[in-house]
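The block underneath contains the structure these notes are about, expressed in structure tokens.
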Ligand code: NAD
């Protein structure tokens, strides 16, 4: 069957990698990679090479603008009813990968409500706008798949990521709710939950962190952020981080492309198995004490605990990888 995949936020990172990966898919299904700013299409065009305008089309889509989303979806031929007529129910499928997102770290007191709202505009309302636009079509066709870049921080909050994590929890709550209705119309929903991924996202977040005005908070909080959290977080990225290609890569087991093409895709898919024990803590203890204490110890007790945890996780990973 025809399968059109629309991906948002493709000028860099995971979105770019997913778009290129899908464009290389041997079934040559039609892919639409979108980005807010077409002036930033260079890296994607380069990575797509001669697939450009064959299996990959680049279009403009700003997740913060309803008009822009409407225009983009309207420009796709399959919105038109005549195409629909030729399609056997269930065989036709449009997949929407909501990937556009921004990060934010730092003490709450140092962040403006305006910047928090901007983050929600992209990470949460960007998703809501897109789903609002495509869901009616999908329902009518009784076919479709909504794939959403969430995060492990959509399952488990982390200090100094209060607003980012809240936005991903919002994404998770929204998708869980929509998924039940969607199922009635044969529409699939998947939350992709990566751990740390080495992209522009990470670079931007740390760059912003350098410029945070820590005088807005007390000295102890500033110290914890600067001297404990930042080094800890950088270490997490370098030791546990995946590449965007890892996340997009089909050959490594069950990654985003597999999720996208799966017949029975899961509601949740964590891309980094190193994180599974951490997110499992949440389900293991309804009082919430277990994950709270584990994260507290990992950040505040001593490095030894953190390093030991890393060691065990890496070993588990290697064992699983060898199987
Ligand atoms: P990235 O910064 O490389 O990519 C995000 C993309 O979203 C950028 O291309 C950016 O231009 C785009 N974008 C921002 N605002 C937009 C808007 N209004 N309309 C359209 N596009 C917009 O970072 P990434 O790591 O590839 O992030 C992709 C997704 O993965 C995000 O949703 C992020 O929250 C999620 N994620 C990232 C990590 C990580 O550690 N990098 C971890 C878990 C989840």
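None of the figures in this text is laboratory data; all of them are computed from the coordinates on show. Not measured: the values here are computed from a predicted model. Cβ coordinates were reconstructed from backbone atoms using ideal geometry, including for glycine residues, and neighbour counts include every protein chain displayed.
Here the gap between residue 200 and residue 258, fully extended at 0.36 nm per residue and compared with their Cα-Cα distance, gives a gain of 18.5 nm. Peptides 108-121, 156-169 ranked from most to least packed give 156-169, 108-121, packing being the mean of other C-beta atoms within 10 angstrom over each peptide's residues. Highest average first, the peptides 141-152, 220-231, 31-42 ordered by how many other beta carbon atoms sit within 10 Å of their residues are 141-152, 31-42, 220-231.
In this simple spin-label approximation, residue 40 and residue 280 carry label points 7 Å from Cα along the Cα→Cβ vector, and these lie 3.7 nm apart. Here the gap between residue 223 and residue 297, fully extended at 0.36 nm per residue and compared with their Cα-Cα distance, gives a gain of 24.9 nm. Note on segment 130-195: Cα-Cα pairs beyond 18 Å make up 39% of the total pair count. Distance from the C-alpha centroid of segment 117-191 to that of segment 17-78: 20 Å, rounded to the whole angstrom. When the alpha carbon coordinates of segment 3-272 are projected onto the principal axes, the ranges are 66, 38, 34 Å, largest first. Placing a pseudo-label 7 Å from each Cα along the Cα-to-Cβ vector at residue 216 and residue 70 gives an inter-label distance of 3.5 nm. For the pair residue 120 and residue 290, label points projected 7 Å from Cα toward Cβ lie 3.2 nm apart.
Length gained on full extension, residue 234 to residue 24, computed as 0.36 nm times the residue gap minus the Cα-Cα distance: 72.3 nm.
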